[in-house]
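In what follows, a single structure is set out as structure tokens and then discussed.
The values are calculated or read from the model by the stated rules, or taken from the named source; none is laboratory data. Small disclaimer: the values here were computed from a predicted structure and weren't measured. Here the Cβ is made from the backbone with ideal geometry for all residues, glycine too, and neighbour counts use every protein chain on show.
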DNA sequence: CTCGTAATGCGACTGAAGTCGCATTACGAT
DNA sequence: ATCGTAATGCGACTTCAGTCGCATTACGAG
């Protein structure tokens, strides 16, 4: 697991460049791993509301002052735990059919957040990340990576001629997964496999219709409800 | 503004039913209004991270202890402010065309969160509401109301024969608005009028294809990627 | 107009989050 | 093997969120 780079970048904004050996040694890495594990356990156990630096310190055996020094409080702990999770690889489907691929992806998302094995950890982690600026930054990076990776299923569909050229793959992925995340983290509605499937199908339909090409719009576009500068 | 009922329901779980006149009088209402206004101002000014009960107390002129007594801390303040905002009416389009109606709705959402007049207040309010259980409950109620109201545009489309019978109107609305909220509050990506339009168009397409009818599935459904119980 | 009661104002107290300076440990290079 | 340095351990201190008991004010009924 290599989660040093992102962390140091997030917590030491003014890293002096003349540091030949900034001690990336064994102890620091071990401490870091244990802190991440303890943070995940604490977030899962108490939820993001009850998350305490002192509890993470006790559970990890790392002193409170060290946690504040390197992670700048609860926010940084959660952000780092999320970053560490983002480094985990996940399977990218390749069935030869866009609809199937998107269904696999949305079902994967659905599974992660409903898996009794993982429990409330993924949900709690993202909810916690939403709380702070550091967490929000980590979230942005997390989803940017996911979008970039998953966009490949759409790009393959373009290569197969299944989608029009110029289709924005990341936008297709966003369209497919957005309803799930919306239910989970915004409207708070329950998630079910049916709606995951429908979201994938709707995105497939829209992508095939050419809605996700920046230049042209394939569907009827009679009147634009707005006319101002869109920025 | 009638935001008493929801608040008391949220903060006094065991309201004794034998309270003939629980003092809904003028002062309480005035205090409540000022506290809500102060909470909105504080959330806008400092963001949900810097929101403090003491600051709301100072700004509103209501004593700290009173705020803790009636709102149980920051969570309740935010939840009540959100509930108050949810009571505000908003325009429901009726252009005679589903696509146009949905575009108006998504553009309305887009406008609320990008209006320089309102500033960061709506975003900050919802972000703050995500932080706590009380806020999450208020959020659920908020979106449930919105979905119920906005579902009418889909129901009218069904009545016009534009959508297949049995279409779940709320699901259509969710599909149209989810990408916007996803960008705003989950992935943290910027919002633009184009994507708002595309989201509405994609939902229109999916609805017309019959994806939002509970029983049948109009598109191809060759293989189901999952087979377990969905709960 | 007067009174009973509920709601608010008030200030002190408690407890925990977060900070600081120094001692100690362990990494990495010679 | 030895040393310089960076990272961690440690405990006290500061600050502020949150609580409690009591005095005061104002609503609502008669």
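Tabulated data for the structure shown
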quantity: Those residues of segment B:168-207 which are more than 9 Å from every other protein chain (Cβ to nearest Cβ), over 19 Å from residue B:91 (Cβ atoms) and either touching a residue at least 60 places away in the same chain (Cβ under 8 Å) or crowded, with 24+ Cβ neighbours inside 10 Å (or both), in sequence order; calculated: B:191
quantity: All positions within segment B:69-86 that are surrounded by fewer than 24 Cβ atoms within 10 Å (Cβ to Cβ), more than 14 Å from chain A (Cβ to nearest Cβ) and within 14 Å of DNA strand C (Cβ to nearest atom); calculated: B:69, B:70
quantity: Test for residue A:134: is it at pLDDT below 95 and surrounded by 19 or more Cβ atoms within 10 Å (Cβ to Cβ); calculated: yes
quantity: Test: residue in segment B:17-28 that is modelled with pLDDT of 75 or more and either over 18 Å from residue B:135 (Cβ atoms) or within 15 Å of DNA strand D (Cβ to nearest atom) (or both); calculated: no
quantity: Residues located in segment A:46-68, provided they are more than 14 Å from every other protein chain (Cβ to nearest Cβ), more than 10 Å from DNA strand C (Cβ to nearest atom) and in a loop (DSSP other than H, G, I, E, B); calculated: A:61, A:62
quantity: Where residue B:154 falls short, out of the listed (1) modelled with pLDDT of 95 or more; (2) more than 12 Å from chain A (Cβ to nearest Cβ); (3) under 17 Å from the mean Cα position of the chain (by Cα); calculated: (3)
quantity: Residues (under 25 Å from residue A:133 (Cβ atoms) and touching a helix residue (DSSP H, G or I) at 6+ places or on another chain (Cβ under 7 Å)) located in segment B:191-202; calculated: B:191, B:195
quantity: Only listed residue being surrounded by 14 or more Cβ atoms within 10 Å (Cβ to Cβ) and under 19 Å from residue B:121 (Cβ atoms), chosen from B:45, B:57; calculated: B:45
quantity: Test set (1) loosely packed, with under 14 Cβ neighbours inside 10 Å; (2) over 30 Å from residue A:75 (Cα atoms); (3) more than 9 Å from DNA strand D (Cβ to nearest atom); (4) modelled with pLDDT under 95 - residue B:31 fails condition number; calculated: (1)
quantity: Flag for residue A:59 being over 17 Å from the mean Cα position of the chain (by Cα) and closer than 21 Å to residue B:179 by Cα; calculated: no
